[in-house]
Amino acid sequence: MGMIKTFRSVVQFDSITFDPVERRLKKAACIADYRKIAKRRLPFGVFDYIDGGAEDERTLASNSSTFGDIEFKPRVLRDVSNIDTSTTIFGRASMMPLILGPTGFTRIAHSQGELAVARAAASVGIPWSLSTMGTRSIEEVAAVSDGEKWFQVYTWKDRGLVKDLIGRAKESGFTAIWLTVDTAVLGRRERDVRRGMTLPPKIGLGTLLDGAIHPSWTLDFLRNEPITFANVIGKSDEDGSTAVSLADHVARQFDQAVSWDDIDWLRSVWDGPIVLKGIQTVADAKLAVGAGVEGIGLSNHGGRQLDDAPVPVSLIEPVRQEIGDAATIICDGGVRRGSDIVKAIALGADAVSMGRPYFYALAAGGQRGVEHMLEFMQSGMERTMALSGVRSVAEIDRDLVRWKR
């Protein structure tokens with residue numbers, strides 16, 4: 001009898017979870033876990049498109065690993081009973097200094113795509129960004145989210161199309177523009193080359209076999225409307241209604257002659273904040289300030305363009321020292337934990353942005369997956385701040401961290 005009582009006191013059986021999404025998310029303790037779930041659920045070519053980088057993927061790996069070269073200098077015996085992660089970005093409130101950056105073709109991970117991500121971001125009160133290459137339109141997103149929304153544009157050869165997109169974004173309540181400046185040509189993404197990846201994915205023998213191995217994704221894909229570049233339907237001869245190679249699409253549609261003079265043109269059609277996404281040197285950050293932009297997106301496109309490009313987190317401090325408070329600095333790339341956000345802010349960034357982590361979470365559990373991931377990021381930031389002895393974003397400063405090397 002005593003043994004049974006002892007056994008009951010130390011052994012408890014988990015309740016059975018019938019909801020498959022909840023079961024998956026219960027196993028996700030970090031971004032790497034969302035990635036594992038996404039890899040298991042997505043067709044190989046789709047996962048590699050989301051996960052892959054340029055050439056040997058050294059920059060892809062360094063974007064995250066460099067955060068490990070920074071250590072904290074925690075202070076103790078401070079009252080950390082109330083932690084506040086909130087901040088303002090371009091004068092607008094955000095529950096943490098995190099922006100969900102623009103990702104193209106988001107519906108390849110989940111049929112709700114951008115709609116799910118926009119709703120998740122709005123639910124926690126942070127900005128979310130729609131890509132020109134998005135698979136839900138400006139108007140569709142505005143109809144389901146009253147949260148803070150940014151729009152991303154490329155320098156397409158058809159400036160009339162860009163002007164139309166920006167006008168629609170303004171009309172729909174988008175408040176800031178990302179201008180991506182690091183895609184004069186597309187980087188060589190060798191995983192996509194090996195898979196023969198097109199967007200949307202082509203249906204062939206390989207696709208059918210891959211779909212059979214990943215039935216839940218296949219059913220989700222087949223039960224919903226075709227994936228297209230939703231913002232340019234009927235406005236471009238390449239709107240995603242037929243499969244295209246991304247490299248060929250970029251070569252045909254993007255303007256390789258774009259220069260600093262084009263910032264003036266963009267300002268003529270948009271009167272809100274402009275963030276240049278793809279700044280990779282101190283010299284270009286200084287030119288960006290001279291061009292009058294409000295934001296500098298330190299980014300190497302997630303390691304997807306030029307391998308061995310500078311790592312964004314390593315640029316924060318020298319750029320801040322050069323430009324002072326003349327522009328908002330956003331570190332885009334490699335952020336995988338709340339502690340990474342704190343490190344970036346300590347070095348001088350105003351905010352960070354991320355893409356892959358929410359793509360993984362979307363594949364893992366749709367909108368609930370993204371919300372689950374954002375809760376992980378916020379709790380990680382709160383915990384890091386408490387253990388470091390800072391209570392608000394304003395208290396995070398350079399004295400909090402040091403480079404190990």
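The values are calculated or read from the model by the stated rules, or taken from the named source; none is laboratory data. Note that the coordinates shown come from a computational prediction; the quantities given were computed from them, not determined experimentally. So basically every Cβ, Gly included, is an ideal-geometry build from the backbone, and we count neighbours across all protein chains shown. With ligands, DNA and RNA removed, areas are computed over all heavy atoms of the protein, side chains included. Shrake-Rupley method; radii C 1.70, N 1.55, O 1.52, S 1.80 Å.
Let me know the shape class of the chain, please: from the alpha-carbon gyration tensor, a ≥ b ≥ c as square roots of the eigenvalues, rounded when a/c is under 1.5, otherwise prolate if a/b is greater than b/c, or oblate. Could the numbers behind the result be given before it?
Numbers: a/c = 1.71, a/b = 1.11, b/c = 1.55.
Oblate, since a/c reaches 1.5 and b/c is not below a/b.
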Quantify, in whole percent, the carbon and sulfur part of the accessible surface of segment 298-351 (1.4 Å probe; protein heavy atoms only).
-> 43
Inter-part distance where segment 339-390 and segment 54-96 are each reduced to a Cα centre, Å | 8
A correct Karplus calculation of ³J(HN,Hα) over segment 316-324, with 6.51 cos²θ - 1.76 cosθ + 1.60, θ = phi - 60°, whole Hz and x for Gly and Pro, returns 4, 5, x, 5, 4, 5, 7, 9, x
What residues qualify as long-range amide H neighbours of K277, i.e. H under 5 Å apart, gap of 5 or more or another chain, H built at 1.01 Å from N?
-> L179, T180, V181, G297
Select from A283, S15, P312 the residue farthest towards the positive end of the dipole of the chain; place +1 on Cβ of Lys and Arg, -1 on Cβ of Asp and Glu, and compute about the Cα centre.
-> S15
Relative contact order (percent) for the chain, with alpha-carbon contacts under 8 angstrom and 6 or more residues of separation?
-> 27
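Where the only charges are on Cβ atoms (+1 Lys, Arg; -1 Asp, Glu), what is the dipole of the chain about its Cα centre, to the nearest 20 debye?
Working: 50 positive and 52 negative charges, 316 e Å.
Computed about the Cα centre, the dipole is about 1520 debye.
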Show the residues, 5+ positions off or on another chain, whose built amide H is closer than 5 Å to the amide H of E294.
-> I274
Expected max-MSF residue from A291, A38, A309 in the GNM of the chain (alpha carbon, under 10 Å) is A291
Determine Rg/Rh for segment 276-405; Rg is computed over alpha-carbon atoms and Rh is the Kirkwood hydrodynamic estimate from the same atoms.
-> 0.99
Summing Lys, Arg as +1 and Asp, Glu as -1, what charge do residues with Cβ under 10 Å from the Cβ of F174 carry, F174 excluded?
-> +1
Return the sequence-ordered ³J(HN,Hα) values of segment 345-360 in whole Hz as given by the Karplus equation 6.51 cos²θ - 1.76 cosθ + 1.60 applied to θ = phi - 60°, using x for Gly and Pro.
-> 5, 4, 7, x, 6, 8, 6, 10, 9, 9, x, 4, x, 6, 5, 4
Going by a ≥ b ≥ c, the root eigenvalues of the Cα gyration tensor, does segment 348-405 fall in the rounded group (a/c under 1.5), the prolate group (a/b larger than b/c) or the oblate group?
-> prolate
Can you list the residues, at least 5 places off or on another chain, whose amide H is less than 5 Å from the amide H of G333, using H built in the peptide plane?
-> S353
Taking the highest mean first, how do the peptides 21-34, 57-70 order by number of other beta carbon atoms within 10 angstrom per residue?
-> 57-70, 21-34
In the Gaussian network model of the chain, springs joining C-alpha atoms below 10 Å, which of G334, G173, G278 carries the largest mean-square fluctuation?
-> G173
Once Lys and Arg are counted +1 and Asp and Glu -1 for all other residues with Cβ under 14 Å from that of R320, the total becomes -2
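Taking a threshold of 30 Å on the Cα-Cα distance, which of the pairs K39/K163; K39/K149; K39/K277; K27/K343; K286/K343; K36/K73 fall above it? Provide the component values of the computation, followed by the final result.
Numbers: K39/K163 38 Å; K39/K149 28 Å; K39/K277 28 Å; K27/K343 27 Å; K286/K343 23 Å; K36/K73 32 Å.
Over 30 Å Cα-Cα: K39/K163; K36/K73.
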Using only alpha carbon pairs under 8 Å that are at least six residues apart, calculate the relative contact order of segment 263-363 and give it in whole percent.
-> 23
GNM of the chain, Cα pairs under 10 angstrom: of W270, W217, W260, the biggest fluctuation goes to W260
